[in-house]
Amino acid sequence: MFLGVVLEWLSEQGGPWPLHACLEAADMWTTANGDGVSPADFDKVLYVLKNIARDWSAEFQAERDASYGRIVDSMLEYAKRRDHKQGVSRKVGADHDGRASDARMQVLVPGCGLGRLCLDLVEHGFDVSGNEHSYFMLLMSAFILNGTVEENQWMIFPWMLNSSNSWRLKDQLRPCSFPDRLPCDMTSRPGSGVLGMIAGDFCEVFGPESGNAETYDAVITCFFLDTAHNVIEYMEIIWDLLVEGGVWIHLGPLQWHWADAHTYLGAEEMSVEVGFDAVVEIAKKIGFVFRPGEDEEEVESDVPSGISDSKDAAGADRMRVPYMSNSPSMRPQEYDCAMFRCYKKN
Ligand SMILES: C[S@@+](CC[C@H](N)C(=O)[O-])C[C@H]1O[C@@H](n2cnc3c(N)ncnc32)[C@H](O)[C@@H]1O
């Protein structure tokens, strides 16, 4: 029923929503395969429902604090430090002191899913562009961001079909209400930044031919870097997108999403899979500086102190971070994530 409401809302909007392309794709599939939904699309819908829980339900606040919260803190600390170095006297973040638009930092969040991290940053005074390539995510985020009018207006049951590892039926059948915050409240507070959404594949939309070089003060990759076919390409694009002195904040595991793609998409399907040490080495070769303070008088760490659980041997911050974790189940999902902040310094 809820999905029916979403489709109805989308079809009423007209404009830029890519619903017609999805409906055409669905018609083509039906013509070729008969009625019903392809198993792959069914899985994608279930994935979107779980993403709704992750991004927009009160139940997942602690999960969001562990990733989005750390990133927002790191961004606020970076912004304060940069302002201090540049002699700019303005307050960042919680004060919401209404900065002029030309004083706000421009932030890009590729692979932004259903947009909650973008909104959290907007609420703290940053202008944010989210980027996402999945129609499933784009259509649902369009609905949540523009079509919800009350907190906890909707109820879904994202774990209902997760019959494995359930301690109790009532956990499996538990409802999830959303949104816990109204997106329009988050964008309209005094001092909030501006949100934009850019649809399309990150490499196509932001690659060298895109004309987006030196546009962003910060690029934030949260559970995104490992979606790359070729992580070197992602990192080179991030470098190009940043202004001089800009920051790349990364948090996530390295569960290379295309690692098995040759088994179902063909042998030529590219996937570059490297360890975290190599990611850091490649970033340094591209030109990113991890600890700019070492070349200067004052030594600064990658991320603000207290944000991580521990450091790995190379000094990167390490932390346990849940991801779409069905916590009452026998198999909650958590990663030992790396987080770093590095800078474009020529
Ligand atoms: C693992 S999810 C993480 C989503 C969100 N950042 C979070 O932390 O919940 C990765 C997201 O990146 C999107 N994505 C993957 N490859 C992409 C690409 N090449 N361009 C844009 N988005 C992409 C996926 O559709 C998905 O929404």
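Only a single item in (1) at pLDDT below 95; (2) at negative phi is not met by SER67, and it is number (1). Annotation: GLY191 fulfils all but one of (1) at pLDDT 95 or above; (2) open to solvent by less than 60 Å² (accessible area, probe 1.4 Å); (3) touching a helix residue (DSSP H, G or I) at 6+ places or on another chain (Cβ under 9 Å); (4) outside any strand (DSSP E or B); the unmet one is (1). Checking each residue in segment 2-27 for being of a type in the set (A, V, I, L, M), at pLDDT 80 or above and exposed (fewer than 14 other Cβ atoms within 10 Å of the Cβ) picks out LEU3, VAL5.
When restricted to residues that are surrounded by 15 or more Cβ atoms within 10 Å (Cβ to Cβ), in contact with a helix residue (DSSP H, G or I) (Cβ under 8 Å, 6 or more places away or on another chain) and modelled with pLDDT under 95, segment 309-322 contains 2. Name the single residue that is farthest from VAL219 (Cα to Cα) among those in segment 323-346 being open to solvent by 30 Å² or more (accessible area, probe 1.4 Å) and in contact with a Ser or Thr (Cβ under 9 Å, 6 or more places away or on another chain). Among those residues, the one meeting the criterion is MET330.
For beta carbons closer than 8 Å, sequence separation of 6+ or different chains, a first residue in segment 219-237 that is at negative phi and among the aromatic types (Phe, Trp, Tyr) and a second that is near the ligand (Cβ under 10 Å from one of its atoms) and open to solvent by 20 Å² or more (accessible area, probe 1.4 Å), the qualifying pairs are PHE224/GLY111; TYR234/CYS203. Quick check on segment 130-149. Is at least one of its residues within 24 Å of ARG189 (Cβ to Cβ), more than 16 Å from the ligand (Cβ to nearest atom), touching a Gly at 6+ places or on another chain (Cβ under 9 Å) and at pLDDT 95 or above? So far as segment 130-149 goes, no, none of its residues is within 24 Å of ARG189 (Cβ to Cβ), more than 16 Å from the ligand (Cβ to nearest atom), touching a Gly at 6+ places or on another chain (Cβ under 9 Å) and at pLDDT 95 or above. Residue-level analysis places MET75 among those that are modelled with pLDDT of 90 or more and in a helix (DSSP H, G or I). Filtering segment 143-185 to residues that are part of a helix (DSSP H, G or I) and over 28 Å from GLY125 (Cβ atoms) leaves LEU169, LYS170, ASP171, GLN172.
If you go through segment 271-308 and pick out every residue that is at pLDDT 65 or above and acidic (Asp, Glu), you end up with 3.
Taking (1) over 24 Å from THR148 (Cβ atoms); (2) open to solvent by 50 Å² or more (accessible area, probe 1.4 Å) in turn, TYR47 satisfies each apart from (1). Among residues that are within 13 Å of the ligand (Cβ to nearest atom), modelled with pLDDT under 95 and aliphatic (A, V, I, L, M), ALA261 is included.
Which members of segment 245-258 meet the condition of being more than 9 Å from the ligand (Cβ to nearest atom), surrounded by fewer than 20 Cβ atoms within 10 Å (Cβ to Cβ) and within 22 Å of SER325 (Cβ to Cβ)?
Those that are more than 9 Å from the ligand (Cβ to nearest atom), surrounded by fewer than 20 Cβ atoms within 10 Å (Cβ to Cβ) and within 22 Å of SER325 (Cβ to Cβ): PRO253, LEU254, TRP256.
Total residues in segment 224-244 satisfying the condition of being under 21 Å from VAL128 (Cα atoms), in contact with a helix residue (DSSP H, G or I) (Cβ under 7 Å, 6 or more places away or on another chain) and open to solvent by less than 60 Å² (accessible area, probe 1.4 Å): the figure is 6. With the requirement that a residue be within 16 Å of the ligand (Cβ to nearest atom) and not aliphatic (A, V, I, L, M), what does segment 184-208 give you? GLY196, GLY200, ASP201, PHE202, CYS203, GLU204, PHE206, GLY207, PRO208, listed by residue number.
For segment 214-228, the condition of being within 13 Å of the ligand (Cβ to nearest atom), of a type in the set (Val, Ile, Thr) and in a helix (DSSP H, G or I) holds for at least one residue. Would a scan of segment 106-126 turn up a residue that is away from the ligand (no atom under 16 Å from the Cβ), closer than 18 Å to LEU182 by Cβ and modelled with pLDDT of 90 or more? Looking for residues that are away from the ligand (no atom under 16 Å from the Cβ), closer than 18 Å to LEU182 by Cβ and modelled with pLDDT of 90 or more, one finds at least one in segment 106-126, hence yes.
The values are calculated or read from the model by the stated rules, or taken from the named source; none is laboratory data. Owing to the predicted nature of the structure, the values given are computational and were not obtained by experimental measurement. Here the Cβ is made from the backbone with ideal geometry for all residues, glycine too, and neighbour counts use every protein chain on show. In case anyone asks, the SASA skips ligands and DNA or RNA and just uses the protein heavy atoms, side chains included. Shrake-Rupley method; radii C 1.70, N 1.55, O 1.52, S 1.80 Å.
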